[in-house]
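Participant: Quick one: the structure is below, and I'll ask about it shortly.
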Amino acid sequence: MEEIEIWKDVPEYEGYYQVSNLGRVRSVDRLALNGFCMRKVNSRILKSANRSGYRIFSIKKNGTARTMSVHQLVAIAFLGHTINGNTLVIDHIDGDKTNNRLSNLHVVTSRENNSICFKKNKEKYSSEFTGVSFFKRDGNWESYITTNRKRKYLGRFPTELEAHNAYQNELKMQL
């Protein structure tokens with residue numbers, strides 16, 4: 001069954017741009033001042049550029065351009081997301097940065113997103129727990145925690161669960 005495409009205005013760019021639940025962006029029919037005369041701008045689907053695997057667009061209003069990721073535009077319009085640095089971020093459920101369908105996006109904390117990324121790349125990261133990895137050289141589990149962009153080493157442990165518990169204890173102490 002084919003999904004029905006639903007279009008919504010991009011907040012702060014109403015009357016200029018719309019984004020769809022299928023992850024497409026379009027300009028809206030409007031009149032624009034070009035020097036001293038008005039010209040008609042026809043609606044069209046915009047082509048995206050690629051930055052680190054993410055689809056991006058440059059959207060303009062009143063002579064000011066802003067570069068936005070498609071997944072952010074979809075989340076802002078459909079999920080009520082507010083860009084707030086790295087506190088809450090948008091995760092691609094299937095791990096495909098170009099699949100910007102609403103059904104493939106959800107809002108998570110930055111910490112959750114890092115954990116999800118580890119699970120999606122299981123061949124690189126061997127633990128199911130955030131902040132825990134296997135240290136091959138001596139066969140132990142290591143635990144780290146990152147807070148305010150500073151990484152703190154918590155130690156090596158004989159079991160994955162012990163490393164996870166060290167991480168959880170440190171996390172509780174920071175709250």
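Yes/no matrix, rows are residues, columns are (1) at pLDDT below 90; (2) in contact with a helix residue (DSSP H, G or I) (Cβ under 8 Å, 6 or more places away or on another chain):
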position	(1), (2)
Ala77	no, no
Ser103	no, no
Lys119	yes, no
Tyr125	yes, yes
Phe129	yes, yes
Phe135	yes, no
Arg151	yes, no
Thr159	no, no
Asn165	no, no
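Participant: Are any of the residues in the stretch 44-52 of a type in the set (Val, Ile, Thr), in the same structural domain as Ile76 (by TED's automatic domain parsing) and surrounded by 12 or more Cβ atoms within 10 Å (Cβ to Cβ)? Quick ask: steps written out before the conclusion?
Facilitator: Taking the stretch 44-52 as the starting set, the residues that turn out to be of a type in the set (Val, Ile, Thr) are 45.
Of the ones still in play, those that are also in the same structural domain as Ile76 (by TED's automatic domain parsing) are 45.
Among the residues that remain, those that are also surrounded by 12 or more Cβ atoms within 10 Å (Cβ to Cβ) are: none.
Checked the stretch 44-52: no residue is of a type in the set (Val, Ile, Thr), in the same structural domain as Ile76 (by TED's automatic domain parsing) and surrounded by 12 or more Cβ atoms within 10 Å (Cβ to Cβ).
Participant: Identify the residue in the stretch 68-112 that is basic (Lys, Arg) and part of a loop (DSSP other than H, G, I, E, B) and, among all such residues, is surrounded by the fewest Cβ atoms within 10 Å (Cβ to Cβ). Break it down into steps so the answer makes sense when it comes.
Facilitator: Let us first name the residues in the stretch 68-112 that are basic (Lys, Arg), namely 97, 101, 111.
Still in the running and part of a loop (DSSP other than H, G, I, E, B): 97, 101.
Details: Lys97: 16, Arg101: 18.
That would be Lys97.
Participant: Related question: Assess whether Ile4 counts as being β-branched (Val, Ile, Thr) and loosely packed, with under 10 Cβ neighbours inside 10 Å. Reasoning before the result, please.
Facilitator: Details: β-branched (Val, Ile, Thr): yes; loosely packed, with under 10 Cβ neighbours inside 10 Å: yes.
When the stated conditions are applied, Ile4 passes them.
Participant: Please give the number of the condition Cys37 fails out of (1) of a type in the set (A, V, I, L, M, F, W, C); (2) touching a helix residue (DSSP H, G or I) at 6+ places or on another chain (Cβ under 7 Å); (3) more than 16 Å from Asn104 (Cβ to Cβ).
Facilitator: Among (1) of a type in the set (A, V, I, L, M, F, W, C); (2) touching a helix residue (DSSP H, G or I) at 6+ places or on another chain (Cβ under 7 Å); (3) more than 16 Å from Asn104 (Cβ to Cβ), the lone unmet condition for Cys37 is (2).
Participant: Which residues, taken from the stretch 10-41, are over 20 Å from Gly63 (Cβ atoms) and either under 20 Å from the mean Cα position of the chain (by Cα) or modelled with pLDDT under 85 (or both)? Even if it seems obvious, please write down each step before you answer.
Facilitator: Applying the first criterion (over 20 Å from Gly63 (Cβ atoms)) to the stretch 10-41 yields 18-24, 26.
Hits for the stretch 10-41 are Gln18, Val19, Ser20, Asn21, Leu22, Gly23, Arg24.
Participant: Sort out which residues of the stretch 127-144 are within 24 Å of Asn113 (Cβ to Cβ) and assigned to a loop (DSSP other than H, G, I, E, B), and write them in order of number.
Facilitator: Ser127, Glu128, Phe129, Thr130, Gly131
Participant: Tally time: how many residues in the stretch 1-43 are among the hydroxyl-bearing types (Ser, Thr, Tyr) and outside any strand (DSSP E or B)?
Facilitator: Start the filter on the stretch 1-43 by keeping residues that are among the hydroxyl-bearing types (Ser, Thr, Tyr), which leaves 13, 16-17, 20, 27, 43.
Retained after the next criterion (residues that are outside any strand (DSSP E or B)): 13, 16, 43.
So the answer is 3.
Participant: Restricting attention to the stretch 46-53, does a residue exist that is touching a helix residue (DSSP H, G or I) at 6+ places or on another chain (Cβ under 9 Å), closer than 16 Å to Lys97 by Cα and modelled with pLDDT under 90?
Facilitator: If we filter the stretch 46-53 for residues that are touching a helix residue (DSSP H, G or I) at 6+ places or on another chain (Cβ under 9 Å), which is where we start, we get 48.
Checking the rest, the ones that are also closer than 16 Å to Lys97 by Cα come to 48.
Going one step further and asking which of them are modelled with pLDDT under 90, we end up with 48.
Yes; the residues of the stretch 46-53 include at least one that is touching a helix residue (DSSP H, G or I) at 6+ places or on another chain (Cβ under 9 Å), closer than 16 Å to Lys97 by Cα and modelled with pLDDT under 90.
The values are calculated or read from the model by the stated rules, or taken from the named source; none is laboratory data. Since the model is a prediction, treat every value here as computed from it, not as a measurement. Quick reminder, even Gly has a Cβ in these numbers, built from the backbone with ideal geometry, and neighbours come from all protein chains shown.
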